[in-house]
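These notes concern the structure reproduced below.
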Ligand SMILES: Nc1nc2c(ncn2[C@@H]2O[C@H](COP(=O)(O)OP(=O)(O)OP(=O)(O)O)[C@@H](O)[C@H]2O)c(=O)[nH]1
Ligand SMILES: [Zn+2]
């Protein structure tokens, strides 16, 4: 396996990383992992598992290979609205970079346009692009906010994420009811207390 410098799409700086493997190559590592866990990868129930798991993990980290530009695909529309746009309760499925276990929750994204609005679905796609990487919730929240800002040139962006970490529930401290809340406010969401509280108030409402 050669170590190369790969530009991770969407990241600000090129990061040093390995070239990704094919699903078949990655499956071989899953097969070894099963052996390492004392399992028999040859038994009937596990025969397709290494390749299945490899493909699943590739999908769950496919956000590394997406670019914001392709994802937005030009879906920006001229608008003179300067009212807040909020997309609430976007499902969030990510993987924690410490344990490779799921982070499950939801995310609320708001922005105040400055001349253009973005296609509604694209906000959810931006969330998925950063969620489908190995993450900590703080970075995930910040990357989503910054991407929405960069793409829309908005006056401000607010992102709140609330999620449960399987590494805290299934193992470790085994806390089943704790959730982590993170928020990032940019532009006038940061500078203007009224904008921020309108956002937080809208999130709190059930409809
Ligand atoms: N800040 C932050 N911490 C996280 C996130 N996901 C997992 N962690 C924490 O990362 C830490 C890793 O700590 P370590 O002591 O190295 O790992 P560990 O022995 O598995 O820790 P325990 O989970 O406490 O058993 C733990 O406290 C996790 O709860 C996240 O998104 N943000
Ligand atoms: Zn974890």
message = Among (1) more than 16 Å from ligand 2 (Cβ to nearest atom); (2) crowded, with 20+ Cβ neighbours inside 10 Å; (3) within 30 Å of residue 20 (Cα to Cα), there is one condition residue 150 misses while meeting the rest; what is its number?
response = (2)
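Please list, ordered by residue number, the strands (runs of 3 or more DSSP E) wholly in the range 51-118 having 1 or more residues that are within 30 Å of residue 198 (Cα to Cα) and under 19 Å from the mean Cα position of the chain (by Cα). Reasoning before the result, please.
On the way: elements: 76-78, 85-96, 102-112, 116-118.
Because the criterion is at least 1 residues that are within 30 Å of residue 198 (Cα to Cα) and under 19 Å from the mean Cα position of the chain (by Cα), the strands (runs of 3 or more DSSP E) in the range 51-118 that meet it are 85-96, 102-112, 116-118.
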request  = For residue 185, indicate whether it is in the same structural domain as residue 83 (by TED's automatic domain parsing), farther than 25 Å from residue 71 by Cβ and surrounded by fewer than 21 Cβ atoms within 10 Å (Cβ to Cβ).
outcome  = no
query = Going through the range 68-98 one residue at a time, which ones are within 16 Å of ligand 2 (Cβ to nearest atom) and in contact (Cβ under 8 Å) with a residue 60 or more places away in the chain?
reply = 92, 94, 96, 98
query = Going through the range 113-147 one residue at a time, which ones are touching a strand residue (DSSP E or B) at 6+ places or on another chain (Cβ under 6 Å), in contact (Cβ under 8 Å) with a residue 60 or more places away in the chain and buried (at least 20 other Cβ atoms within 10 Å of the Cβ)?
reply = 131
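Scan the range 153-177 for residues that are surrounded by fewer than 22 Cβ atoms within 10 Å (Cβ to Cβ), within 16 Å of ligand 2 (Cβ to nearest atom) and farther than 23 Å from residue 202 by Cα and jot them down.
Applying the first criterion (surrounded by fewer than 22 Cβ atoms within 10 Å (Cβ to Cβ)) to the range 153-177 yields 153, 155, 160, 162, 164, 166-177.
Filter again for within 16 Å of ligand 2 (Cβ to nearest atom), leaving 164, 166-176.
Matches in the range 153-177: 166, 167, 168, 169, 170, 171, 172, 173, 174, 175, 176.
The values are calculated or read from the model by the stated rules, or taken from the named source; none is laboratory data. Nothing here was measured: the structure is a model prediction, and the numbers come from that model. Glycine also receives a Cβ, built like all others from the backbone with ideal geometry; neighbour counts cover every protein chain displayed.
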